[in-house]
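Working notes for the structure below.
Nothing in this text is a laboratory measurement; each read-out follows from the coordinates by a stated rule. All values derive from a computational prediction rather than experimental measurement. Here the Cβ is made from the backbone with ideal geometry for all residues, glycine too, and neighbour counts use every protein chain on show.
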Amino acid sequence: MLNWEKILVSPSTEILRALEIIDSGAKQIGIVVDDNRRLLGTITDGDIRRGLLKGKTLNDPIESVMNPFPIVASIYDSKDNILQLMKFKALRAIPVLDEDGSVIQVETLEELMQPEKRDNIVVLMAGGLGSRLRPLTDDCPKPLLKVGERPVLETILMNFIEYGFYRFYISVNYKAEMIRDYFGDGSRWGVQISYIEENKRLGTAGALSLLPLRPTKPFFVINGDLLTKINFEQLLDFHNSYQSIGTMCVREFSQQVPYGVALLDRQKLIGIEEKPIQKYFVNAGIYLLDPTTLNYIPNNEFYDMPTLFDGLIKRNLYTTAFPIREYWLDIGRLSDFERANMEFAEVFG
């Protein structure tokens, strides 16, 4: 990580010294500030070269060659916005200013491109039989069916890795040895993978009772047969901002009634709505849970996520729904599997 304070320089610093600071910082930039760290400008190797071509010497102060109107970011800008600005302006580093114009941080493109490491546990549910996908699942568990060039569960894993998550549990039952053989301990992807062994089918929540260690932070649970481009960082921020005990991701589902619908006020006909479209939010199979939810899951018994959430709601515990607007597809049927293979390159390529 860049120690940005080392690249702060005063306007009277000689150009030769500024070059040494720029080179030692390995970011090709110096931040010119006054005694109160208010930004005065920036200095790069290019600025210095242009100054030398105009007759400046290495003993001149850098204020004579600095850029007095650099592109900056505000303390209120999100990291995503700063990253997009830097990409658009082709910048490798950018000073971040507070309300007084003082430098409080220097963001670099290299560091913003690296995902923040996140300790939250991710549980991948991969124990299902995949009955609706037979005969494809007769010899291969559904999470190992290839969509595109890799198994669907590997795509899920890589999506989480993209956002900095590295601690995974895979819940296995049907053809568990095949899943273990493929994913191993996770070192192939630079992550940690452990396994929850279901000796009997426990459902999407019951398997959580077998976690060997109780999570200390909110943890993810996701069905192992989903393809999605959901932003897991935004989901975590959403969950934490509402201090929710459990967040269920939901997906809008539309269904058109094939008939004209009679609108009634008791026995009186008050209108006809021709083939209306009804919209619902349906469970998307992705959850974020507070560790305390484990208190409400029976040990080693079949228990599904909808049952868990229903119990949390009845106890008046605060739960939330996170609408998915990104790509999402449940590979539960052969037609879904075929569609996933057709769309994979466009969405995940």
For residue 262 and residue 87 in one chain, what is 0.36 nm times their gap in residues minus the Cα-Cα distance, to one decimal in nm? 57.5 nm
Taking just the alpha carbons, could you work out the radius of gyration and Dmax for the range 87-230, both in angstroms? 19.4, 66
Using 7 Å Cα-to-Cβ label points, what is the residue 253/residue 76 separation (nm, one decimal)? 4.1 nm
Burial ranking of peptide ranges 69-76, 214-221, 253-260 (average Cβ count within 10 Å, highest at the top): 214-221, 69-76, 253-260
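What range in the chain is the longest one free of trypsin sites (Lys or Arg not before Pro) that are in a loop by DSSP and have at most 15 other Cβ atoms within 10 angstrom?
With trypsin sites (Lys or Arg not before Pro) excluded where exposed in loops, the chain gives 118-199 as its longest stretch.
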Distance violations [Cα-Cα > 28 Å] among 89/146; 142/275; 117/229; 279/314; 275/314; 142/200: 89/146; 142/275; 275/314
Hey, if you put +1 on the Cβ of every Lys and Arg and -1 on every Asp and Glu Cβ in the chain, which of 261, 204, 285 ends up farthest toward the positive end of that dipole? 261
Cα centre as origin, Lys/Arg/Asp/Glu Cβ charges: the chain dipole, Debye: 700 debye
What are the GluC sites (Glu not before Pro) within the range 104-190 that DSSP puts in a loop, where the Cβ has at most 15 other Cβ atoms within 10 Å? 116, 149
Can you tell me the 0 to 90 degree angle between the C-alpha axis of helix 334-348 and the longest principal axis of the chain, rounded to 10? 0 degrees
Multiply the residue separation of residue 54 and residue 28 by 0.36 nm, subtract the distance between their alpha-carbon atoms, and state the gained length in nm to one decimal. 7.3 nm
Say the dipole of the range 118-348 comes from +1 at the beta carbon of Lys and Arg and -1 at that of Asp and Glu; which of 298, 152, 342 then lies farthest toward its positive end? 298
Using every Cα-Cα pair within the chain, state what percent have a distance larger than 25 Å. 65 percent
So for the range 203-349, considering every pair of alpha-carbon atoms, how many percent are separated by more than 22 Å? 53 percent
How much net charge surrounds residue 243 when only the other residues with a Cβ under 15 Å from the Cβ of residue 243 are counted, with Lys and Arg +1 and Asp and Glu -1? -1
